[in-house]
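The values are calculated or read from the model by the stated rules, or taken from the named source; none is laboratory data. Model, not experiment: these values are computed from the prediction. With ideal geometry, Cβ positions are generated from the backbone for all residues, glycine too; neighbour counts draw on all protein chains shown. Surface accessibility is based on the protein's heavy atoms, side chains included, excluding ligands, DNA and RNA. Shrake-Rupley method; radii C 1.70, N 1.55, O 1.52, S 1.80 Å.
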Amino acid sequence: MRSWIFCLLIVIAVSSEAQQKYWVFFKDKTDTVFDPYSYFDKKAIERRVRNNVPLYDYSDLPVNSNYIRHVEDLSDSVSAVSRWFNASVVYCTDDAIEEIKRLPFVLKAEPAGKLKKSVLGDDDDISAKSVRLLDYQTRVLGREDLKAKDLNGKGVRIAVLDAGFSDADENPAFDHLRAANRIIKTYDFINNREHVYDYADHGTMVLSCIGGIYKGKNIGLATEAEFLLARTEYNYREPYSEEEHWVEAAEWADKNGADIINSSLGYTSDRYFQSDLDGKTSLVSRAATMAARKGILVVNAAGNDGSGKWKKLGVPADADSILTVGGVDPYKAMHVDFSSYGPTADKRLKPNVVAPGIVMAAVNKKIGNTQGTSFASPLTAGFAACILQLHKEWDCQKLLHSIERSGRLYPYYDYAHGYGIPRAAYFLGDSAMNKPTFSFELSNDQITVKADTSILEKDESDLLYYHIRENSGYIHKYFVVQLTSSEPFNIDVSAYRNMTVALHFKGYTTEIELK
Amino acid sequence: MKKTLIILLVFLCCASVQAQKVLLSQDVLQDTVVPKKGPNRKSFSHLYVGYGLIFGDEGNLKTKQPGTSDFRIGYRLKRKVSESFSFGGEVSYIKNSFRPKNNPAGIEKVKFIVNRAEAGLYLRLNYGKRGDKIGNFIDIGGSGGWIFKSALIQTDKKPVSTFINANTLQTKYTGLSFIEDLSYSGLIRIGFGRYVFYGEYRISDVIAPAYSRDDLPRITAGIQIGLH
């Protein structure tokens, strides 16, 4: 009997120090090195290419070996390591896991086999489609080219004018900005105080598209830029005083050293007629032009009225000497329905360029899908900051015109796409030749276009752009056609005399004069 | 014939598969045509609906609330003169209901219904900067028309005698000879976009003076919503 009691006591003693299995999740993957070509099998690379899955993905980076070693020292053993979840599985006691949780690089620890749904859900709750979108929105602007040259907006100061920046002081997407004190100043021009982290999350999403980071992945490109945040907009009303606040904020940005102003704001039918979109009628457009004259690159959203009755861009997107940005579908690189059209009332080309208008952005302390030219504009502002970092000697007009020339459609343009999506490669020595990608023939008032069949991909990338314009450059009609086959495409030009037809297909532009 | 049709159908399907796909087509000159019609353009018209209460003291013909009300539906035209001035006209159907307080016959519920078809004119003063929007405004005007139908409805839930057993007896008198044929009023409106507060003073009598020195209340105040 005594021996049984003794054994029972031993069991109790041992069980109080029983080993349990835990998942230990780490906060980051800093100081890790990854080469997909040496890590992945050839077939794995083929599969990723086939599925448009990026080869460099945060989830594929190795777990930091120092983190594993520290955790191993405190635990009994490490039974598994996961790159995808940035975690390791350990056997340890309750006391040991408490010590592990206190390590600075540990995010959290949960008993293995009893994981709460949210443990895996919260950190990895964006779908594969959202992951692809998050990757695309900066990759299409040349993120990898910019990263290779360490271009991230460092030393460039960007003012963001918006309706509010709710939770931007807590959202993890801006941890890097807060840690380095790169939100230089904030001001609420409506309430005349410094606090802006309230009222609306629009500004938060916009800010993330300039320089936010989500789990090591870029949301925007200018992650090392400095920021001035200004609240100029009411959320639920549209008084004229918003334009006055815009002017005040632009002057404040000028005073505080802004190199770039991002304004994902616009005013349309409530206050103006389309005949007013001449860059001179509205106060705020004139202010935007003045800011440009003072050397600030103003980047403004074109507007989201493309599919509505107004259709055209708003103010101050019509301002002269500013970069107006329209929106494109993320995967087709084509005008997205809601993006407002140009030109201005005085026939100036707008938008100047386009960027993805359906994006992932930081909101409600997480990341989510959203859409609007409001987000195409800050993606471009971040891009501009990276280019300005490379060419500090450039004035804002040279920067603006260079960004236009980097557009994928340049020298072709139209009033939906401007010069197309800007390319970082243009600024980094890309000497891609403008080789002909199609041939054409003009006869009997008809232009017959024949694409080079060797480059036809028989998908949505086979887009022929063409416009018919007068000699002043003003476009009368423009089209985008998907060449679904290698059959020639005919354009009837019988109604046009003394005009020019411009055609663009896969990087090559040509023009035909109609006599 | 059937074979020919099938072959033709297959050919058409193939042809459409071969056709290039126009994804975007824009006519810029069409976009630049300045419209003549719009909330702040040369002319504009829209439907509206409104509901208000009628009140006032007209001697012995006192009425009670709720139940003494104004419902109207109309079509309004506007012609712009300048950013600040416009003028216009409207046609409307108006239904006025009156519930008398005094009920000498002891009937449980009595209601007068007066149906009017009216036309009106107004002057508008706009204030505040605006684009192609109705904006904020004050209207002053008048209207007149025809009382084309009237009725007196008595509802008794405890009828003294009926030729059948019934809980409710409703009696409707139409073609009331003591109701005037014509009506005319002065009006004022204060509008904020589609939402308009309106007031009307009925100048004409509803009950012919030959039948009664007193008349039904004349003042209406309510809200209209522009359907634009």
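How do A:Phe189, B:Phe178, B:Phe197 rank by accessible surface area computed with a 1.4 Å probe, from largest to smallest?
Values: A:Phe189 15, B:Phe178 50, B:Phe197 110 Å².
Putting A:Phe189, B:Phe178, B:Phe197 in descending order of accessible area: B:Phe197, B:Phe178, A:Phe189.
As a test of the definition: with a 1.4 Å probe, what buried accessible area, both sides summed, do you compute for B against A, in Å² to the nearest 100? Before the final figure, lay out the partial values.
Numbers: alone 14670 and 24230 Å², together 36560 Å².
In total, this chain pair buries about 2300 Å².
Using every alpha carbon pair in the stretch A:38-100, what percent of pairs falls into each 10 Å bin from 0 up to the bin containing the largest distance?
20, 38, 22, 16, 4
Rounding to the nearest 10 and keeping the result within 0 to 90°, find how far the Cα-based axis of helix B:2-18 lies from the longest principal axis of chain B.
Its long axis makes an angle of about 80 degrees.
Take peptides A:40-46, A:450-456, A:242-248, A:197-203 and line them up by average Cβ neighbours within 10 Å, highest first, as a rough protection proxy. Write out the running numbers ahead of the final one.
Details: A:40-46: 11.3, A:450-456: 14.4, A:242-248: 19.6, A:197-203: 21.3.
Packing order, densest peptide first, comes out as A:197-203, A:242-248, A:450-456, A:40-46.
How large is log10 of I(q)/I(0) for the protein assembly as shown at q = 0.11 Å⁻¹ when the intensity is taken from the Debye formula with one equal scatterer per alpha-carbon?
-1.14
What is the extension gain from A:Tyr508 to A:Asn181, computed as 0.36 nm multiplied by their sequence separation minus the C-alpha to C-alpha distance, in nm to one decimal?
Extra length from A:Tyr508 to A:Asn181 when fully extended: 113.2 nm.
Which lysines does B:Lys101 reach when only Cα atoms under 17 Å apart count, and residues fewer than 8 places away in its own chain are ignored?
B:Lys62, B:Lys64, B:Lys109, B:Lys111
Accessible area of B:Leu216, 1.4 Å probe, to the nearest 10 Å²?
0 Å²
Take the stretch A:225-324, drop everything but the C-alpha atoms, weight them equally and run the Debye formula without solvent; then report log10 I(q)/I(0) at 0.12 Å⁻¹ to two decimals.
-0.35
Counting only other chains, and only Cβ atoms inside 10 Å, what mean value do you get across the residues of A:407-420?
Working: counts 0, 0, 0, 0, 0, 0, 0, 3, 3, 2, 1, 0, 0, 0.
Per residue, the number of nearby Cβ atoms from other chains is 1 on average.
If you take all C-alpha pairs in the stretch A:255-389, what percent of them are over 19 Å apart?
47 percent
Ignoring ligands, DNA and RNA, what percent of the accessible area of the protein assembly as shown is carbon or sulfur (1.4 Å)? Don't skip to the end; give the middle numbers.
Numbers: 20020 of 36560 Å².
On the protein assembly as shown, the fraction of accessible area on carbon and sulfur atoms equals 55 percent.
Would you calculate, for chain B, the mean residue ellipticity at 222 nm contributed by helices, counting each DSSP H stretch of 4 or more residues as -39,500 (n - 2.57) and dividing by all residues, to the nearest 500? Can you show the working numbers first?
On the way: 2 runs with 21 residues, N = 228.
The per-residue figure over chain B is -2500 deg cm²/dmol.
Using a Förster distance of 30 Å, how high is the FRET efficiency between A:Glu441 and A:Lys332, based on the Cβ-Cβ distance and rounded to 0.05?
Details: r = 28 Å, r/R0 = 0.95.
The pair A:Glu441/A:Lys332 has a calculated efficiency of 0.60.
Working from Cα positions, state the angle (0 to 90°, nearest 10) between the long axis of helix A:65-74 and the longest principal axis of chain A.
20 degrees
How large is ³J(HN,Hα), in whole Hz, for each residue of the stretch A:292-304 in order, when computed from phi with the Karplus curve 6.51 cos²θ - 1.76 cosθ + 1.60 and θ = phi - 60°, using x for Gly and Pro?
5, 5, 8, x, 9, 7, 8, 10, 10, 5, 5, x, 10
Could you work out the mean count of beta carbons from other protein chains within 10 Å of each residue's beta carbon in B:24-35?
Partner-chain Cβ atoms within 10 Å, mean over residues of B:24-35: 6.
Per-residue counts of other Cβ atoms within 10 Å, averaged by peptide: what ranking do you get for A:106-112, A:73-79, A:205-211, highest first?
A:205-211, A:106-112, A:73-79
A:Lys27: which lysines have alpha carbons under 17 Å from its alpha carbon, excluding same-chain residues fewer than 8 sequence positions away?
A:Lys101, A:Lys108, A:Lys215, A:Lys217, A:Lys365, A:Lys366
List the lysines whose Cα lies under 19 Å from the Cα of A:Lys450, skipping any in the same chain that are fewer than 8 positions away.
Leaving aside lysines fewer than 8 places away in the same chain, those within reach of A:Lys450 are A:Lys435, A:Lys458, A:Lys506, B:Lys21.
Can you give the alpha-carbon Rg of the stretch B:77-218 over 2.2 N^0.38 Å, where N counts its residues?
1.42
Any idea of A:Asp395's accessible area? Nearest 10 Å², probe 1.4 Å.
90 Å²
Order A:Ser439, B:Ser212, most accessible first, counting only protein heavy atoms with a 1.4 angstrom probe.
Numbers: A:Ser439 65, B:Ser212 35 Å².
Listed by decreasing accessible area, they come as A:Ser439, B:Ser212.
Can you give the mean number of other chain Cβ atoms that lie within 10 Å of the Cβ atoms in peptide B:111-123?
The mean count of partner-chain Cβ atoms within 10 Å per residue comes to 0.
Give a quick list of GluC sites (Glu not before Pro) in the stretch A:409-467 that DSSP marks as loop, anything other than H, G, I, E or B, with at most 10 other Cβ atoms within 10 Å.
Listed in order of number, the matching sites are A:Glu457.
Under a 1.4 Å probe, what is the accessible area of the protein assembly as shown per residue, stated in Å²?
For the protein assembly as shown, the solvent-accessible area averages 49 Å² per residue.
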